[in-house]
Structure formats: structure tokens, C-alpha cells
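Structure first, then comments.
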Amino acid sequence: MRYGYYPGCSLGSTAAPYDQSTKAIAKPLGLELEEIHDWNCCGATEYFSIQKTAAYALVARNLALAANQGGITQLTAPCSACYLNLRKTDNYMGKYPEINAHTNEALAAGGLSYKPGSLKVRHLLDVVVNDVGLDAIKEKVTSPLKGLRLAPYYGCLLVRPTLGEEVDDPEYPTHLDELLDVVGATVVDFPLKAHCCGGHMTQISADTAYELIRRILQNADEYKADAIVTVCPMCQLNLDAYQSQVNGHFGTSFNLPILYFTQIIGLAFGMKPKELGIGKEIVSASPLLSKIGAEVEEPEARPARRRRDDKSLPMPKI
Amino acid sequence: MTEGQTKNDFLSEVIAKTAGGETLLTCLQCGTCGGSCPSGPDMDYTPRKLFAMIQADMKEEVLQSNTPWYCVSCYYCMTRCPKDIPITDIMYTLKNMAVEAKYYDSSDAPDFSESFIGYVEKYGRSFELGLATRYHLTHKPLSKFSYGPFALGMLMKNRVSLTPERIENIDQLRAILNKAKSLEVV
């Protein structure tokens, strides 16, 4: 199965483990992911906030490049925000003639064009669950994740807004639950599974973001999850990298590793945690891995510096 | 607008600049949007109230309010709206209009968005480290201490790119964006 692959900016930096684990499981899943040549940023939510017409054009350049890349008809994105922007731009160009006209007028300035509907935009989770299929995945499981309690976290942009041809329910989706079930894990009930992780609010209004992050963590903790499984770099970053700030802010003591669904599949296929980028999360996944008999290699801590014990003048301090 | 109402340019402008925006006229004032909003408690006005204010031609109050800037784009309101009003898209329209009119003064949010797109226009990709550094030093110099542990953790786990990546055909992208900016917002 051949797909155009749009990794998005995060997968080159903060979400590098998502990219690594996606590539690691692609082969056993029979997925041929062909990166779109010279793709650009999807604009996240920021470009739409400043100027929508330019934002659609920014996204549409990627659609045009993908549609021109040797017979690609399906475009997959692992990041939920990229997925939404690509899907929404294609959908709105098809639905609103004015958006289509403006976007194509802008694309023409760069010698490109895009006919809405030429590509089918898919989230990577949808491709894995519905194209590869749960039965095929189940057959490849060599190390079932017995005894692991996982909270399936969908976030917002994978399931909303409803634009037609939805993959799952916008408020109570279940396809990630089914996937975690076939790899042998115990899927915990998770009422806030499609609530917001705070998005870019960590940068703009931290208190707002911390409260939204706290709700998600607390909900998973109440159902005694060993980890939260995500499908989006932004959700992973907010829940993982800001967890200690949230604990400091609310006096809580959450200690929940946040892993990508691709890493979970890789573990069930018997791959080494390191091959899947596990070990780069801020909240360590080691306790969870020892539960299933896998070991993680943490980066070695630097040796502590020795104090100077001579009588010379003190070192400068900030 | 129905006949007999006074002319409301602001309402017409919001509708014209939002695909599917004419549904705003059908708003029932049911409040499902505000009740579904995760950041509702931080907003000056809930979306329901804001829509009533648009219908009442309160342009300055609407464009100066923090409501659109607290929208996290979770699309819960839009999914639940019984009249299918594209609420999140209307919030984007209001942000576009507020930026254009320079109608905000107490929010860092527009500057964050502008810093973000600054990197996209320069490199074609976003650059998280540059964005966070530039934005935090400009806006929250004192918060860099609380931001420290986060940044250090990410650096030690090798999850931050230290240099921005530039796409090959950046001139093509800039030509497309410049053309788009000369066209009307829909």
C-alpha cells in the first residue's frame, strides 16, 4: 500500500520518536510511505489566525506537490493538526468556489495548481486501523502487551470538525481503543479521550493550558492507566513535557508516560524500545516497560562536576 | 439580515469573510457553544454572547475582546452547534480582523501567531526553538526561569532542533503567499 507521507515540522524535532516509530512499523505493516518532496509547514492554528487566504495557500502548496508526485492518491499525516489542515483545505476548496479560486490563483503565482478531491487525506491511525486492518496487526503481534493498562487519547483534530466521511465519532471515538485491544493491552475507560490538551495555550496563557492538561492526566490516573497513548505531537508534548509544571501548579503527583500509538505497536511486534524512540520522553516509560519485560536505555547522565576545594576566588554565578 | 433592520456593516463583513458565515444569522442563542468550550471561563464573552454582539453591531467590543484569542480550535462547539454555524472559523475571521485593525493591546496571542508565521515565511518550516526563545524573551523575560526546566529537559532528551530547516523552493512559497495576501479573505 503506497501513500504520500507528510511528516510535518514536529516530526523533525520535538516528535522525532513519532517519526522513528512510524518508519519502524511501516515495513511489517506493509505500508510504503513516500515523503512529499519539499513540503512546507501546514501553518498549525497560527497562520489561520492572522490571514486565512494565505493559510489555505500555504496548505494547498503541499496538496499540489503531493498530487503531482507520481500517482499519489492518498496522503497520510501522523500529526493531527497537519491532518486537519490538509483535509480541511481540500474539503473547503471543494465546497466553497471562492476559496478554491483564491487558493488556485495564489498557487499559480508559484506555477502550481490543485484540483480539490484529487487526494484523499488520511490520518496515520486511520490508515493503520482501516487499511492494514486489525486482523493483520493481530497476526504480527509477537509480544502481547499483557497487563498494560492504556488510556487511548484522541484529542481534538483527529475526530473534529465533522466535514463528511468521518472515520469515527467526533466525541466518543473507539478505533484507537480497538487497536490497543488487539495488541493485548487492557484499554481503560477514558471519558476525556477526545478533550483538548491545551494546544498552543502553553505559550500564550499557561494557566489555561495547565488546567486542560490536568483534566486529561487526572482522568487517566483515576482509571489507573499505566500510560496515555497519543496520536498527535502537540498532545504528546503538552502532556509529557509540561507534566512536571502541572504537578507544581496544582500540587499533584502525576507520573504518566505519554507514548505514541506507533511505539505501542512496535513494542507488541517485539521491537526494541530504542528502535522506536522510546527513552526520549520526559516522563520515563521505564516502569511500564519493565511490566512487559522490555528494557529501555536511558541516555547516560553526565558525571557530576567536582566542587573546587581550593582557596582561590569564587567562580562567577548568575 | 432581514428587511427593516438597520444596516450592520460589521455583521456583513464577518459573514463575507467566513465560508458558510451566513449561518450566523440563524443563531438560536442556545449557548451550546459556550457550554462546550474548554476555555470558556477565561473569555470576556462566551461565543453565544459574542454572536449577539456581532448582530448588535458592537464592532469595537467584539474585536477587542479576548474571546477569539482564547479559542483553542478544539471544534467541540462547531460539532455540536444545532444550526451548523462554523464557529471556529468565525473565531479565525475575528482574529484576522482584529490583527488587521490592530484592535488588540493586552494580548500576547497575536504576537505569538505572528512570530510563528514569521519563521514559516522565512524558512518554509516552523522552528520551535527560535519561536519559543524569541517570543519568550520579547514577552515574558521574567518567565524564562520557570520555562527553564522544560527547555532543559527537551534539550537533554535531544528533542529540540538547534537550527531551522529551510525548504528548497522557498521563493516559490513566498510568491504563493504574497499573491494570497493580495486577495480578499474568505
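The values are calculated or read from the model by the stated rules, or taken from the named source; none is laboratory data. Note that the coordinates shown come from a computational prediction; the quantities given were computed from them, not determined experimentally. Ideal geometry is used to build each Cβ from the backbone, glycine not excepted, and the neighbour counts take in all protein chains shown. SASA here: full protein model, heavy atoms, side chains in, ligands and nucleic acids out. Shrake-Rupley method; radii C 1.70, N 1.55, O 1.52, S 1.80 Å.
Things to note:
- Beta carbons closer than 9 Å, at least 6 apart along the sequence or on distinct chains, never pair a first residue in the stretch A:29-48 that is facing chain B (nearest Cβ under 7 Å) with a second that is among the aromatic types (F, W, Y) and in a strand (DSSP E or B).
- Condition met for A:T162 (open to solvent by 40 Å² or more (accessible area, probe 1.4 Å) and either under 15 Å from the mean Cα position of the chain (by Cα) or without any contact (Cβ under 8 Å) to a residue 60 or more places away in the chain (or both)): yes
- Some residue of the stretch B:81-91 being over 20 Å from B:V186 (Cα atoms), in a loop (DSSP other than H, G, I, E, B), open to solvent by less than 60 Å² (accessible area, probe 1.4 Å) and in contact with a helix residue (DSSP H, G or I) (Cβ under 7 Å, 6 or more places away or on another chain): yes
- Boolean, B:L183 is more than 7 Å from every other protein chain (Cβ to nearest Cβ) and either touching a His at 6+ places or on another chain (Cβ under 9 Å) or open to solvent by 30 Å² or more (accessible area, probe 1.4 Å) (or both): no
- Qualifying residues in the stretch A:243-266 (those that are without any contact (Cβ under 8 Å) to a residue 24 or more places away in the chain and not in a helix (DSSP H, G or I)) - the one nearest to A:V182 (Cα to Cα): A:S253
- Under the condition of being over 18 Å from B:A101 (Cβ atoms) and crowded, with 22+ Cβ neighbours inside 10 Å, the residues counted in the stretch B:31-50 number 5.
- From the list A:V121, A:V129, the lone residue that is more than 30 Å from A:Y210 (Cβ to Cβ), open to solvent by less than 30 Å² (accessible area, probe 1.4 Å) and either within 12 Å of another protein chain (Cβ to nearest Cβ) or in a helix (DSSP H, G or I) (or both) is A:V129.
- For A:I204, the test of being out of contact with any Cys (no Cβ under 6 Å at 6 or more places or on another chain) and farther than 24 Å from A:L289 by Cα is passed.
- When the stretch B:150-168 is filtered for residues that are touching a residue at least 40 places away in the same chain (Cβ under 8 Å) and open to solvent by less than 100 Å² (accessible area, probe 1.4 Å), the ones remaining, listed by number, are B:P164, B:I167.
- Residue satisfying all of: in the stretch A:99-114; more than 7 Å from chain B (Cβ to nearest Cβ), out of contact with any Pro (no Cβ under 7 Å at 6 or more places or on another chain) and part of a helix (DSSP H, G or I); least open to solvent (accessible area, probe 1.4 Å) among these: A:T103
- Qualifying residue in the stretch A:19-41 (condition: among the hydrophobic types (A, V, I, L, M, F, W, C) and closer than 22 Å to B:K179 by Cα): yes
- Filter result for A:K52 (within 10 Å of another protein chain (Cβ to nearest Cβ), modelled with pLDDT of 95 or more and touching a Pro at 6+ places or on another chain (Cβ under 8 Å)): no
- Test: residue in the stretch A:165-177 that is in a loop (DSSP other than H, G, I, E, B), in contact with a Ser or Thr (Cβ under 6 Å, 6 or more places away or on another chain), open to solvent by 50 Å² or more (accessible area, probe 1.4 Å) and at negative phi: no
- Tally of residues being within 18 Å of A:F190 (Cα to Cα) and open to solvent by 30 Å² or more (accessible area, probe 1.4 Å) across the stretch A:212-263: 9
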